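The values are calculated or read from the model by the stated rules, or taken from the named source; none is laboratory data. Bear in mind that the values here come from a model prediction, so they are computed numbers and not experimental data. Cβ coordinates were reconstructed from backbone atoms using ideal geometry, including for glycine residues, and neighbour counts include every protein chain displayed. These area figures cover heavy atoms from the full protein model, side chains too; ligands, DNA and RNA do not enter into them. Shrake-Rupley method; radii C 1.70, N 1.55, O 1.52, S 1.80 Å.
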Amino acid sequence: MLPTKVNIVEVGARDGLQNEQSVTLDDKVRLINRLSHSGLKHIEAGSFVSPKWVPQMADSALVFANIHQQPGIIYSALTPNLAGLERAIESDVKQVAVFGSASESFSQKNINCSIEESLERFEPVIALAQQHKIDVRGYLSCTMVCPYEGNIKPEQTALIASKLFDMGCYEISLGDTVGKATPNRVEAMLDALFKQLPKDALAVHFHDTYGQALANIYQALLMGIGTVDSAVAGLGGCPYAKGASGNVATEDVLYLCHNLGIETGVDIDAINQAGWEICRALGKQPVSKVALALGES
């Protein structure tokens, strides 16, 4: 049964732009300010990670200092460790996220440690966040398919997601990092997760590398998932996953939801305008099929 309302978590300004080689502080701030007037209630605005690993996010403190934060909108940031969280606290970030993997191989190659070690690293991060009354979201990558291991067992994903939830993450965002999953895998994964976690503690974060993201989102919606991550213009991908071409586009998700009669509260024309503007700054076209169909406004 489809939900009546879906919450869109806009990840373009972080997950999308972190893979772009040339994006200015002004472009980032302008994009987030545009998105802030679209009806979105959650915008991932930056990442407090080592500039050595993700130089595109080195100015996240300046981003938070310069954006015009609107009431009622969550502006979150990725904080993989204590140093990152401390910098986020200095920037008065109200919500943060940690990221792990359901795949042992991907965890080693992405964050250079085992799954168990990554969870141990999160404990002090989540504890400090809770002391500052900062909500923590958990990202879980390779929840169905791994570029190194192949298919991931649903029970494995459910186990790691449950651990993140028990540690204090209010929501677990389930990532199809390489975009290889299909609706049957989504169904199997969610069936396993629903045995251990409430539906409202789960979100989906699908890449569209193989053109399956909307089909997978529809399957998740049918099963009662009410939060979807997406990126304006379809920006982004995963630098550690070969062939992962990008996040599902916010415009495409909005078109699907609105035509299914699902309320999002988001203005698709405003998102389309923001997408074309950032793409002009990047010297590229949107990946979003809906954006290309609507054209520049």
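Here is how the numbers come out for the structure above:
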read-out	value
Scan of the range 45-63 for residues that are open to solvent by 10 Å² or more (accessible area, probe 1.4 Å) and within 23 Å of Gly175 (Cβ to Cβ), ordered by number	Val49, Ser50, Trp53, Val54, Pro55, Gln56
Flag for Gln273 being farther than 25 Å from Ile32 by Cα, touching a Ser or Thr at 6+ places or on another chain (Cβ under 7 Å) and either open to solvent by 50 Å² or more (accessible area, probe 1.4 Å) or of a type in the set (Ser, Thr, Tyr) (or both)	no
Filter result (in a helix (DSSP H, G or I) and charged (D, E, K, R)) within the range 265-297	Asp269, Glu277, Arg280, Lys289
Filter result for the condition that a residue is in contact (Cβ under 8 Å) with a residue 60 or more places away in the chain, out of contact with any Pro (no Cβ under 9 Å at 6 or more places or on another chain), of a type outside the set (S, T, N, Q) and more than 25 Å from Val96 (Cβ to Cβ), over Gly236, Gly211, Gly179	Gly179
From Gly283, Gly261, Gly265, residue being farther than 17 Å from Ile8 by Cβ and among the small types (Gly, Ala, Ser)	Gly283
Residues of the range 242-293 that turn out to be farther than 21 Å from Ser22 by Cβ, polar (S, T, N, Q) and over 18 Å from the mean Cα position of the chain (by Cα), as a count	3
Identity of the residue in the range 15-44, under 17 Å from the mean Cα position of the chain (by Cα) and modelled with pLDDT under 95, that ends up nearest to Gly175 (Cα to Cα)	Asp15
Extreme residue, most open to solvent (accessible area, probe 1.4 Å), among residues of the range 175-217 that are of a type in the set (Phe, Trp, Tyr) and under 15 Å from Val248 (Cα atoms)	Tyr210
Those strands (runs of 3 or more DSSP E) lying entirely in the range 159-255 with at least 3 residues among the hydrophobic types (A, V, I, L, M, F, W, C)	202-206
Tally, over the range 128-138, of residues that are in a strand (DSSP E or B) and buried (at least 21 other Cβ atoms within 10 Å of the Cβ)	3
Residue among Ser107, Ser47 that is under 18 Å from the mean Cα position of the chain (by Cα) and without any contact (Cβ under 8 Å) to a residue 24 or more places away in the chain	Ser107
Pair list, Cβ under 6 Å, 6 or more apart: the range 255-275 residue closer than 11 Å to Thr4 by Cα, other residue β-branched (Val, Ile, Thr) and open to solvent by 10 Å² or more (accessible area, probe 1.4 Å)	Cys257/Thr264
Unique residue being closer than 23 Å to Thr177 by Cβ and in contact with a Lys or Arg (Cβ under 7 Å, 6 or more places away or on another chain) when the list is Glu104, Glu44	Glu44
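Listed here are the residues, each with its yes/no results for (1) assigned to a strand (DSSP E or B); (2) open to solvent by less than 10 Å² (accessible area, probe 1.4 Å).
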position: Pro80; (1), (2): no, no
position: Ile89; (1), (2): no, no
position: Phe99; (1), (2): yes, no
position: Gln108; (1), (2): no, no
position: Glu117; (1), (2): no, no
position: Leu140; (1), (2): yes, yes
